[in-house]
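Peer 1: Okay, handing you the structure first.
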Amino acid sequence: MNIAIPQASHAGSPPALDLGAASFVADTMGALYWPEERLLVVADLHLEKGSAYARRRVFLPPYDTAMTLAALSALIARYMPLAVIALGDSFHDVEGGARLPAQFRAALRQLQTGRHWVWIAGNHDPYLPEDLGGARHDELAITNIVFRHEPTPNAEAFEIAGHLHPVARVAGRAGSLRRRCFLSDGRRCILPAFGAYAGGLNLHDQAFAPLFSGRERFAHVMGRERVYRISHRNCLPD
């Protein structure tokens with residue numbers, strides 16, 4: 001990924017994503033890892049989106065859940081976290097957990113083995129079947145950081161959320177590229193959607209405006225081999 005922004009084009013380790021005193025790794029696959037807590041965070045898996053569309057006779061290739069769980073498995077193998085937080089909309093609709101095929105239930109149980117697993121309620125999946133394992137919360141605070149599905153304009157603590165599926169459009173050598181990104185101003189971080197079939201919303205969309213109130217924020221843009229930190233001012237609208 002060649003980005004024509006000076007601070008994003010140098011070689012070396014990707015910049016950390018900091019919220020207060022806590023330092024995170026923004027992974028190229030779209031997850032946030034907190035080394036100090038050995039905590040992996042993902043947002044908006046949207047499992048069973050393909051089957052949800054099929055029920056409405058909109059037929060997508062039925063591979064989204066397999067692809068998403070394979071990517072999550074690779075991340076867990078990479079970081080070996082003690083805990084995983086899924087920030088809501090883990091399923092595309094309220095019946096997604098019930099439709100989840102047996103082999104994927106078994107895959108989830110394997111991923112949960114030996115670690116604490118937290119499902120945060122989302123607007124697509126306010127409740128989940130009890131046999132999926134893990135704990136369920138509307139939101140969760142760890143030290144002074146609150147993990148929730150929808151970001152809140154007047155959050156009193158540091159906040160990590162999903163819901164909005166941020167993407168950035170940046171200038172490249174052959175034109176512009178539109179890639180998923182983490183969006184943060186140092187107090188709040190909005191994660192990209194992790195789901196294989198999930199879409200994205202340009203970070204210049206008005207939905208983001210009340211969350212940052214004109215403050216400088218950075219898109220941590222997912223490239224193939226690293227994450228690039230770019231000011232929102234250097235990102236393009238759609």
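The values are calculated or read from the model by the stated rules, or taken from the named source; none is laboratory data. A quick note: this is a predicted structure, and the numbers were derived from the prediction, not measured. Counting neighbours? That spans all protein chains shown, and the Cβs are built from the backbone with ideal geometry, glycine included. Ligands, DNA and RNA are stripped out before the accessible areas are found, and what is left, the full protein with its side chains, is counted by its heavy atoms. Shrake-Rupley method; radii C 1.70, N 1.55, O 1.52, S 1.80 Å.
Peer 1: Using amide H atoms built 1.01 Å from N in the peptide plane, name the residues 5+ places from residue 229, or on other chains, whose amide H lies under 5 Å from its own.
Peer 2: 221
Peer 1: List the chymotrypsin sites (Phe, Trp or Tyr not before Pro) within the stretch 31-112 that DSSP assigns to loop and that have no more than 11 neighbouring Cβ atoms inside 10 Å. Please report the intermediate quantities before stating the final value.
Peer 2: Working: sites: 33, 53, 59, 63, 79, 91, 104; in loops: 59, 63.
Loop-located and lightly packed - 59.
Peer 1: Taking Cα atoms, how many degrees apart are the long axis of helix 102-112 and the longest axis of the chain, rounded to 10 and kept between 0 and 90?
Peer 2: The two axes meet at around 60 degrees.
Peer 1: Sticking with this structure for a sec: Would you tally the net charge around residue 202, using a Cβ to Cβ cut-off of less than 13 Å, leaving residue 202 out, and scoring K and R as +1, D and E as -1?
Peer 2: Details: positive: 169, 178, 179, 180; negative: 205, 238.
That sum, taken over residues with Cβ under 13 Å, equals +2.
Peer 1: ³J(HN,Hα) across the stretch 24-35 via Karplus (A = 6.51, B = -1.76, C = 1.60, θ = phi - 60°), whole Hz, x for Gly/Pro?
Peer 2: For the stretch 24-35, the Karplus-derived couplings read 10, 9, 8, 7, 5, 8, x, 10, 10, 10, 10, x Hz, x marking Gly and Pro.
Peer 1: Here is a further query. What does the charge add up to near residue 38, with Lys and Arg as +1, Asp and Glu as -1, over the other residues with Cβ less than 13 Å from its Cβ? Don't jump to the answer; show the numbers that get you there.
Peer 2: Working: positive: 78, 115; negative: 36, 37.
Once all neighbours under 13 Å are counted, the net charge is 0.
Peer 1: 222 nm [θ] for the chain, helices only, -39500 (n - 2.57) per DSSP H run of 4+, per residue, to 500? Numbers along the way, then the final one.
Peer 2: Working: 6 runs with 46 residues, N = 238.
Mean residue ellipticity at 222 nm (helix-derived): -5000 deg cm²/dmol.
Peer 1: Right, next: If exposed GluC sites (Glu not before Pro) are those in a DSSP loop with at most 12 other Cβ within 10 Å, what is the longest stretch of the chain that has none?
Peer 2: Details: sites that count: 36, 156, 216, 225.
Within the chain, the longest run free of exposed GluC sites (Glu not before Pro) spans 37-155.
Peer 1: Between (i) 167; (ii) 128; (iii) 115, which matches volume of the Cα convex hull per residue in Å³ calculated for the structure shown?
Peer 2: So the calculated entry is the one marked (ii).
Peer 1: I would also like to ask the following. Suppose we keep just the DSSP beta bridges with both residues in the chain; what percent of those would be antiparallel, to 5? Kindly include the intermediate steps, with their values, before the conclusion.
Peer 2: Numbers: 31 of 51 bridges.
In the chain, approximately 60 percent of DSSP beta bridges are antiparallel ones.
Peer 1: Give me the net charge for the shell around residue 77: Cβ to Cβ below 13 angstrom, other residues only, Lys and Arg +1, Asp and Glu -1.
Peer 2: On the way: positive: 78, 115; negative: 27.
In short, +1.
Peer 1: If I build a Gaussian network model for the chain, linking alpha-carbon pairs within less than 10 angstrom, which residue out of 75, 164, 177 has the largest mean-square fluctuation?
Peer 2: Looking only at 75, 164, 177, the biggest GNM fluctuation is shown by 177.
Peer 1: Ignoring ligands, DNA and RNA, please state the percent of accessible area on the stretch 120-219 from carbon and sulfur, probe 1.4 Å. Before the final figure, lay out each step's value.
Peer 2: On the way: 2210 of 4400 Å².
That fraction is 50 percent.
Peer 1: Would you mind getting the accessible area per residue of the chain, heavy atoms of the protein chains only, 1.4 Å probe, in Å²?
Peer 2: Working: 10800 Å² over 238 residues.
Accessible area per residue, the chain: 45 Å².
Peer 1: What order do 228, 127 take when sorted by accessible area (1.4 Å probe), most exposed first?
Peer 2: 127, 228
Peer 1: Could you tell me which of rounded, prolate or oblate describes the stretch 65-157, using a ≥ b ≥ c as the square roots of the eigenvalues of the alpha-carbon gyration tensor, with rounded for a/c under 1.5 and, failing that, prolate when a/b is larger than b/c and oblate otherwise?
Peer 2: Numbers: a/c = 2.01, a/b = 1.32, b/c = 1.52.
Judged from the Cα gyration tensor, the stretch 65-157 comes out oblate (a/c at least 1.5, b/c at or above a/b).
Peer 1: So how tilted is helix 64-79 from the main axis of the chain? Cα-based, degrees 0 to 90, rounded to 10.
Peer 2: Helix 64-79 sits at roughly 70 degrees to that axis.
Peer 1: Something else about it: Taking only Cα atoms and a 10 Å spring cutoff, compute GNM fluctuations for the chain and point out the largest among 144, 202, 154.
Peer 2: Highest fluctuation of the listed residues: 154.
Peer 1: While we're on this one: Across the stretch 114-123, in residue order, what do the Karplus-derived ³J(HN,Hα) couplings come to in whole Hz, using 6.51 cos²θ - 1.76 cosθ + 1.60 with θ = phi - 60° and x for Gly and Pro?
Peer 2: Using θ = phi - 60°, the values come out as x, 8, 7, 10, 10, 9, 8, 5, x, 6 Hz.
Peer 1: Another one. Sort 143, 65, 28 from largest to smallest accessible area, using a 1.4 Å probe on the heavy atoms of the protein chains.
Peer 2: Numbers: 143 105, 65 5, 28 35 Å².
Output order, biggest surface exposure first: 143, 28, 65.
Peer 1: Same structure, new question: Pick from 67, 222, 29 the residue whose mean-square fluctuation is largest in a GNM of the chain, springs joining Cα atoms under 10 Å.
Peer 2: 67
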